[in-house]
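Comments concern the structure below.
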Amino acid sequence: MNSFDVYFYLLKDNLINVDLVPLIEPEPFSIPGEVLNDTLYPDRNSSATENIMDYLNLPDVGEDFYFEIHTKGNKKDLIFSTKGQPLVYTNYYKSMGAHVYGTKMFGIGQRIGEFWKTAGTYAVWNRGAEHKVDDGINPGKNLYGSHPVYFVQRKKGGNDWVGIYEHNSGPQEFVVDFDGYGIDITNIKTTGRTNMFFMLNEEIDKVISNYYDLVGRPALPPRWAFGWHQSRFGYNTTDVLREVHQGYVDDELPLDGLWSSVDVLKDFRSFTVDEENFEGIKEFINEIKEKGTRYVPIIQSGISAGNSDAYFDGIKNDVFMMAPGDQSNPIIGRSTAGDVVFVDFMYHGAPNYWAEQMKKLNEKLPFDGVWLDMNEITSECDGYCYRNQRAEDPIDNRLFYWPGGRDLEQGTVSIDVQHEFGAKELDTHSLYGFWQTYFSNRHFTNSERRPMVISRSTFAGSGKYGGHWLGENESWHENMKQSIDSILLFNMFGIPFVGDNVCGFKYDVGVGTCTRWYKVAVIYPFSRNHNNFGTDPQEPFIETFDMIMDKSLNVTATQIMRKAMLTKYGLHNYMYTQFHIASTEGRAPIKPMFFNYPSEPYSYDYVSNSVLVGDAVLASLDHTNGGRQYYYFPGRGEIWCPIWKIAKYECLQGGSRTSSKIPIDEIWLHIRAGHVIPLQLSDVDKFDNITGLRSLDDMANYYTDIGILLDSDNAADGVVRFDDGETTDLEQYDEIKIHAQGDIPWVGKNTIDIEFEITHEGTTEITNSQRIGHILLYNAKKLGFVNKTKGEIVDYDYNVFDVLVEYDEKMDMSRISFASPSALPIKKIRKVHLQQPY
């Protein structure tokens, strides 16, 4: 067993770093500072006001080494303990057992499966593989990304959590077992060192925020990225792309992003455009951009060997990963392009090479974002395609434990590849997608453009440079449910801009399943339809989707899909505000119910059925095969009202569980009592009359309504943020906080005052989307504010305008407009006063 030094740091209050540094030569690999928030690590600039020893129990002299983390100042209130647990620390096998005092656990990604972790063995090692539910039994079903972090609830029903992160990019495994006293977790690594971070003893949203601070707060994508995207493996000419775009236009379907898979590449070679089949592609891209649709091409990790400019440029600049056998030739992998080589992003010349290739590609395909694929790295060869590239003395001969229970080189390059400064691929493998995302991000930021980078492979900290799609999913209704679990987990991992292939990538999807998937995708941060070559088309405008889905309403699948898109766009200002807050304040935008309702058991049981968007909106997701399922509306004593009209419109009591079959044409989104939300396109009855809405750019032409649902104290609060959707200066935004307070006296007339306060002001140009349309007062009859309500709106220049009220009895909602000569900017409003008629 190797000797090691142990360092304990309190990086800030409630964030502890425990670093076990082996005393060996050469020193073990240290992950570069770009991966985490470098102000916290590796610089370790502590902002703590407390003492690290207030949290630690350590052995006396002569005792075996252990350490325990406890709550501040209470040595007996243990959180994490290695006392009496096995500890082995050798060059290629590091195992540390620990007991974590808690009841529930989630995390350890990436994999397909339930949100909550159960007993089992879970590998962490980036791997391109089939989607299989991970049952915790080796061989592991780990997938594209490495997120060696887990979160534990310390006491059942309590909002007291701890997050634990293992900062290691080599192969590792977590062996998890539950007993009556907590959770036994053994972490096994083959390389690097044990370097742990503890986010302590706080409410779960604060623990997640602490983790966001550690890995770096997520990047904010450009506004258009939150819209609808269309892709397919099989769009193989410019004319086909044109037909797809025209299909959206003809059916009045919005489209923000049109994507190209490997079809656009000549012989599938990265950075080499097929100019014969894609003649006129540059002109086409510029044409659709004028109509609001951006273009995103694929970039695979492999560079075609021997027959592309990108290859010859790389050879000239010596930027490719070298074969360990002779160190004189690039290691060869294999993909759809044939033999390929891989950029060594840890080599000092790689950044300039990558920037030049991106620049050249952009000249031929003026792209607005990039799609990074196969970057785990994935290869069709296991380690080597050619025996002469094999290392003389492979590291694999010295391993006696393989996390995941399989050859670490299966489906990837050799773990013997050596990078600059001596690091081996064994140490750095799971960082490859991170680095590709990082340098692709710089292509945009160097030209002061907000990055839109979507990567299949991720690592802790990837979220501050790009987003993620969940990979090559299947096309069954259960895959919808799995996507929600994964999206929630990636929000916890600090990569909230995430989504799945809507309707599935593999196999032919059923019309009912695809229709429901569009409805579920309303709350996907990243919503893209994408499927495989050879499967049935699934663009929303195809003839297949002319099928009548509800004969009583005579509504087709396409009409329901369009309704889902317009609902998504109508919720956009609220969603965008949540993501702006995530980027600037570090709060997860999409989250499970137990974040806000920790004492309610059902909030843990229906994690993927009922999902919170921010604090104010609850989405009830129809991912069944047309059947019933349970939905929970949390918050005893609260109420939840549908935001958009549905057939059986009613406000539901918090703390109630319902078994429901959501009608095929309905999307259940509810506003929470006590909240104010920004909305557009708030009248679902007018969806059929909306024309010319081609993308989120066009939403700038639509006024923003303010939805209000008072709580039992007759109060409600909310916030909206506006910027231009493109600026890289995230301080250039307007924030308006809105507070509504009702006065419901025993004697006299009811009143409501709605106050608007500018809490942050940038230089954003005011568009119609930043002007007020209507105020939507939900649950209006109970408050007495119906047709004859009187009132006034006052702007910051003290101009006063009367209000006009239209009461919707079906929704029990008053729609309040204003007799002003033009729509007022929301940030120019001082207050609105409403009063019952005499």
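The values are calculated or read from the model by the stated rules, or taken from the named source; none is laboratory data. Computed from a predicted model, the values in this text were never measured in an experiment. Heads up, the Cβs are rebuilt from the backbone with ideal geometry, glycines too, and the neighbour counts pull from every protein chain shown.
Observations on the model:
- Inside the range 269-289, residues that are assigned to a loop (DSSP other than H, G, I, E, B) and either of a type in the set (Asp, Glu) or not assigned by TED's automatic domain parsing to the domain that holds Val341 (or both) make up a count of 4.
- Only a single item in (1) more than 22 Å from Glu472 (Cα to Cα); (2) free of Cβ contacts under 8 Å to residues at least 40 places away in the same chain; (3) in contact with a Ser or Thr (Cβ under 9 Å, 6 or more places away or on another chain); (4) buried (at least 21 other Cβ atoms within 10 Å of the Cβ) is not met by Lys266, and it is number (4).
- From the list Pro59, Pro42, the lone residue that is part of a loop (DSSP other than H, G, I, E, B) and modelled with pLDDT of 90 or more is Pro59.
- Matching residues in the range 54-83 - criterion: being loosely packed, with under 12 Cβ neighbours inside 10 Å and over 23 Å from Gly102 (Cβ atoms): Asp60, Val61, Gly62, Glu63, Asp64
- Conditions (1) buried (at least 23 other Cβ atoms within 10 Å of the Cβ); (2) basic (Lys, Arg); (3) not assigned by TED's automatic domain parsing to the domain that holds Leu87; number of the one not met by Arg242: (1)
- Unique match (being assigned by TED's automatic domain parsing to the domain that holds Val522, in contact with a helix residue (DSSP H, G or I) (Cβ under 7 Å, 6 or more places away or on another chain) and surrounded by fewer than 24 Cβ atoms within 10 Å (Cβ to Cβ)) among Gly234, Gly192: Gly234
- Counting only strands (runs of 3 or more DSSP E) wholly contained in the range 450-551, the ones carrying 1 or more residues that are farther than 28 Å from Asn210 by Cα occupy 527-529, 548-550.
- Options Val264, Val215, Val244: the member that is closer than 30 Å to Val152 by Cβ and of a type in the set (A, V, I, L, M, F, W, C): Val215
- Cβ pairs under 9 Å, 6+ apart, first in the range 527-547 and on the phi > 0 side of the Ramachandran plot, second assigned to a loop (DSSP other than H, G, I, E, B) and of a type outside the set (S, T, N, Q): Gly534/Phe233; Gly534/Gly234
- Taken across the range 771-786, residues that are of a type in the set (Ser, Thr, Tyr), surrounded by 14 or more Cβ atoms within 10 Å (Cβ to Cβ) and over 17 Å from Leu681 (Cα atoms) do not occur at all.
- Of the strands (runs of 3 or more DSSP E) that lie entirely inside the range 139-248, those containing 1 or more residues that are under 19 Å from Ala119 (Cα atoms), over 22 Å from the mean Cα position of the chain (by Cα) and among the charged types (D, E, K, R) span 172-179, 182-189.
- Selection count where residues are exposed (fewer than 13 other Cβ atoms within 10 Å of the Cβ) and part of a loop (DSSP other than H, G, I, E, B), scope the range 3-32: 5
- Qualifying residue in the range 426-433 (condition: among the charged types (D, E, K, R), under 18 Å from Gly333 (Cα atoms) and surrounded by 18 or more Cβ atoms within 10 Å (Cβ to Cβ)): no
- Filter result for Lys76 (over 33 Å from the mean Cα position of the chain (by Cα) and part of a loop (DSSP other than H, G, I, E, B)): yes
Per-residue answers, yes or no, for (1) surrounded by 20 or more Cβ atoms within 10 Å (Cβ to Cβ); (2) in a loop (DSSP other than H, G, I, E, B); (3) touching an Asp or Glu at 6+ places or on another chain (Cβ under 7 Å):
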position	(1), (2), (3)
Thr584	no, no, no
Lys591	yes, no, no
Phe594	yes, no, no
Tyr597	yes, yes, no
Glu600	no, yes, no
Ser603	yes, no, no
Leu612	yes, no, no
Asp615	no, yes, no
Ala619	yes, no, no
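- Yes/no for Phe490 being closer than 23 Å to Ser608 by Cα, aromatic (Phe, Trp, Tyr) and modelled with pLDDT of 95 or more: yes
- Residues of the range 129-155 classified as surrounded by fewer than 24 Cβ atoms within 10 Å (Cβ to Cβ) and of a type in the set (S, T, N, Q), total: 2
- Residue under evaluation Asn750, criteria (1) surrounded by fewer than 21 Cβ atoms within 10 Å (Cβ to Cβ); (2) farther than 26 Å from Glu650 by Cβ; (3) among the polar types (S, T, N, Q), criterion not met: (2)
- Any hit, the range 634-653, residues being under 28 Å from the mean Cα position of the chain (by Cα), surrounded by fewer than 19 Cβ atoms within 10 Å (Cβ to Cβ) and of a type in the set (Lys, Arg): no
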